[in-house]
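Each remark here refers to the structure printed beneath this line.
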Amino acid sequence: MSADTCPSCGRALDAHNPHVRFTLPDAVLDAPAKDRTPGTWMSHPTARESVMMRVPDIGAFVRALLPIRLTEGHTITFGVWLAVDPGELQSIIAVWWEPEYRHLRLTGRLANAVPPWGMLAAPVEAVVRDTDQTPYCDASEDPQLDRVLRDEWPHDLVLAAVSRG
Ligand SMILES: [Zn+2]
């Protein structure tokens, strides 16, 4: 086994801190016209770049980071969408590019199923940890998601699920 190979799971060590960015919320991905649904608003030209979107009859969504600690100091980071109250989207947009952004707290629900757990629609609180990044998922009233946020996980459990897509 080479020095670049993980003794715990056998994968290359440089494949241990991936960033997995979901392009669309699952409910938008499942819609016939996806992000081309008439009346859709996005913060940027494409869904991939966007940090906020609103899709008629489906909902309002804001991006957040969901870091998951793996054993031996690695971290996999999911760029997820959170479903937020559509009535709150305007107030989120109003602070997003302003100094007050640092105090933004989001209450929403996971809008992507996160492998291997799923947890779609689990409630989550997100806070700003770095003003150059989207908010971070911080805590959840859902026991499973709260454990995922706080515990350390075996490499294979998470990395194998992600590579299966
Ligand atoms: Zn490993």
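The values are calculated or read from the model by the stated rules, or taken from the named source; none is laboratory data. All values derive from a computational prediction rather than experimental measurement. Here the Cβ positions follow ideal geometry from the backbone for every residue, glycine too, while neighbour counts run over all protein chains shown. Quick note on the areas: whole protein, heavy atoms, side chains included, nothing else; ligands and nucleic acids left out. Shrake-Rupley method; radii C 1.70, N 1.55, O 1.52, S 1.80 Å.
Go through (1) in contact (Cβ under 8 Å) with a residue 12 or more places away in the chain; (2) open to solvent by 60 Å² or more (accessible area, probe 1.4 Å) and name the single condition A3 misses. A3 satisfies all of (1) in contact (Cβ under 8 Å) with a residue 12 or more places away in the chain; (2) open to solvent by 60 Å² or more (accessible area, probe 1.4 Å) except (1). When the range 14-56 is limited to residues that are of a type outside the set (V, I, T) and under 30 Å from E72 (Cβ atoms), the one that is most open to solvent (accessible area, probe 1.4 Å) turns out to be D14.
Within the option set T71, T40, T46, being within 16 Å of the ligand (Cβ to nearest atom) and more than 18 Å from P123 (Cα to Cα) holds for one residue only, T71.
Where in the range 85-165 are there helices (runs of 4 or more DSSP H), lying wholly inside it, with at least 1 residues that are modelled with pLDDT of 95 or more and within 18 Å of V51 (Cα to Cα)?
89-96
Might you check whether a residue that is closer than 15 Å to I76 by Cβ and either out of contact with any His (no Cβ under 9 Å at 6 or more places or on another chain) or within 16 Å of the ligand (Cβ to nearest atom) (or both) occurs anywhere in the range 130-141?
Step one: of the range 130-141, the residues closer than 15 Å to I76 by Cβ are 136-137.
Add one more test, that the residue is either out of contact with any His (no Cβ under 9 Å at 6 or more places or on another chain) or within 16 Å of the ligand (Cβ to nearest atom) (or both), and what stays is 136-137.
Yes; the residues of the range 130-141 include at least one that is closer than 15 Å to I76 by Cβ and either out of contact with any His (no Cβ under 9 Å at 6 or more places or on another chain) or within 16 Å of the ligand (Cβ to nearest atom) (or both).
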